[in-house]
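K.L.:
If you scroll down you'll find the structure; I have some questions about it.
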Amino acid sequence: DAGVIQSPRHEVTEMGQEVTLRCKPISGHDYLFWYRQTMMRGLELLIYFNNNVPIDDSGMPEDRFSAKMPNASFSTLKIQPSEPRDSAVYFCASRTGLLSDTQYFGPGTRLTVL
Amino acid sequence: AQSVTQLGSHVSVSEGALVLLRCNYSSSVPPYLFWYVQYPNQGLQLLLKYTSAATLVKGINGFEAEFKKSETSFHLTKPSAHMSDAAEYFCAVSEYGGSQGNLIFGKGTKLSVKP
């Protein structure tokens, strides 16, 4: 298996622009997680899905952020409009339905908003 | 609610010295516990996990951790540090209650290894 795939790996955009981050989870995994990592705040959970349904989005910073999972093999995290404080590394992770199983992380998308 | 505390945001050891990274958790039920490692500019990678089998868990790269219920601890150790161990290490506990889907991560400990 190729693991969790994220694209793009790097994104540089200007303030006010829309940004879309993409994630392909490991096949057969029921859970998908979006995290954000910054020096100041560390690793933060933004939202997670179970069987394509959003379960907990309490970590989404504000209405500018939205996430979708239209099918079991694809998820997007969208920021519109983007702001410099959104600059961070965004990770996607996936897991089977077992709570004891490992969360597998993707390589991350490094977002820079100028 | 579950939580994780990692003592020490930065730990520095000499090459060949013992590595000890501390993790304490709170959970009202037997937890599942994880240690992840993050190398610079990479994602998180599982080092080892405790899932209620043996209390001493061995992981990759010579690391191990011992689950101590009485101390609510899950400290990570390695007998002899290598330069390649320099990374950030995260302890995590599985979330119970609610949707039971997530891991609760500690704030991380950055390990430096001096030659």
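The values are calculated or read from the model by the stated rules, or taken from the named source; none is laboratory data. Note that the structure is predicted; figures quoted are calculated from it, not measured. As a convention, Cβ positions derive from the backbone with ideal geometry for all residues, glycine included, and neighbour counts pool all protein chains shown. Surface areas here come from the heavy atoms of the whole protein model, side chains and all, with no ligands, DNA or RNA. Shrake-Rupley method; radii C 1.70, N 1.55, O 1.52, S 1.80 Å.
K.L.:
Is there a simple number for the mean count of other chain Cβ atoms within 10 Å of the Cβ of residues in A:42-50, and what is it?
P.N.:
The per-residue average across the peptide is 4.
K.L.:
Report the local net charge at B:Leu20: Lys and Arg +1, Asp and Glu -1, summed over other residues whose C-beta lies under 13 Å from its C-beta.
P.N.:
-1
K.L.:
Between region B:74-88 and region B:1-65, how many Å separate their Cα centres?
P.N.:
Comparing the Cα centres of region B:74-88 and region B:1-65, I get a distance of 10 Å.
K.L.:
For chain B, what is one quarter of the convex hull surface built on the Cα atoms, given in nm²?
P.N.:
7.0 nm²
K.L.:
Another question about this same structure. Of B:Asp85, A:Asp56, which has the most accessible area and how do the rest follow, probe 1.4 Å?
P.N.:
A:Asp56, B:Asp85
K.L.:
Which three semi-axes in whole Å describe the equivalent ellipsoid of region A:2-114, each the square root of 5 times a Cα gyration tensor eigenvalue, listed largest first?
P.N.:
On the way: eigenvalues 105, 36, 34 Å².
Taking √(5λ) for each eigenvalue gives 23, 13, 13 Å, largest first.
K.L.:
If you don't mind, there's one more thing I want to ask. Counting heavy atoms of the protein chains only and a 1.4 Å probe, report the per residue accessible area for the protein assembly as shown as a whole number of Å².
P.N.:
Roughly 48 Å² per residue, with all protein chains present.
K.L.:
With all protein chains present and a 1.4 Å probe, how do B:Tyr89, B:Tyr50 order by accessible area, largest first?
P.N.:
Ranking B:Tyr89, B:Tyr50 by accessible area, largest first, yields B:Tyr50, B:Tyr89.
K.L.:
In region A:88-103, which residues become less accessible by 10 Å² or more once every protein chain is in place, relative to the chain on its own, using a 1.4 Å probe?
P.N.:
Output list: A:Phe91, A:Arg95, A:Leu99, A:Ser100, A:Asp101, A:Thr102, A:Gln103.
K.L.:
Could you compute how much accessible surface A:Ile55 exposes when probed at 1.4 Å, giving the result in Å² to the nearest 10?
P.N.:
Roughly 70 Å² of A:Ile55 is accessible to a 1.4 Å probe.
K.L.:
Please report, largest first and rounded to whole Å, the three semi-axes of the ellipsoid equivalent to region A:51-114, where each semi-axis is the square root of five times an eigenvalue of the C-alpha gyration tensor. Show your work: numbers first, answer last.
P.N.:
Working: eigenvalues 111, 41, 23 Å².
Working through the eigenvalues yields semi-axes of 24, 14, 11 Å.
K.L.:
Count the net charge of all other residues whose Cβ sits under 12 Å from the Cβ of B:Glu88, scoring Lys and Arg as +1 and Asp and Glu as -1.
P.N.:
Taking every other residue near B:Glu88 into account, the sum is +1.
K.L.:
Moving on. Would you work out the relative contact order for chain B, in percent, from Cα pairs under 8 angstrom that are 6 or more residues apart?
P.N.:
Numbers: 287 pairs, mean separation 42.6, N = 115.
Once divided by the residue count of chain B, the mean separation gives 37 percent.
K.L.:
Ignoring everything but the protein chains, give the 1.4 Å probe accessible area of B:Thr55 in square angstrom, nearest 10.
P.N.:
B:Thr55 has an accessible surface of roughly 70 Å² with all protein chains in place.
K.L.:
Sorting B:Lys107, A:Lys68, B:Lys68 by accessible area (1.4 Å probe), largest first, what list results?
P.N.:
Correct descending sequence by accessible area is B:Lys107, A:Lys68, B:Lys68.
K.L.:
In Å², nearest 100, what accessible area do chains A and B bury in total when the solvent probe is 1.4 Å?
P.N.:
Heavy-atom accessible area buried at this interface is about 1600 Å².
K.L.:
If you scale each eigenvalue of the Cα gyration tensor by 5 and take the root, what three semi-axes come out for the protein assembly as shown, rounded to whole angstrom and sorted largest first?
P.N.:
30, 21, 15
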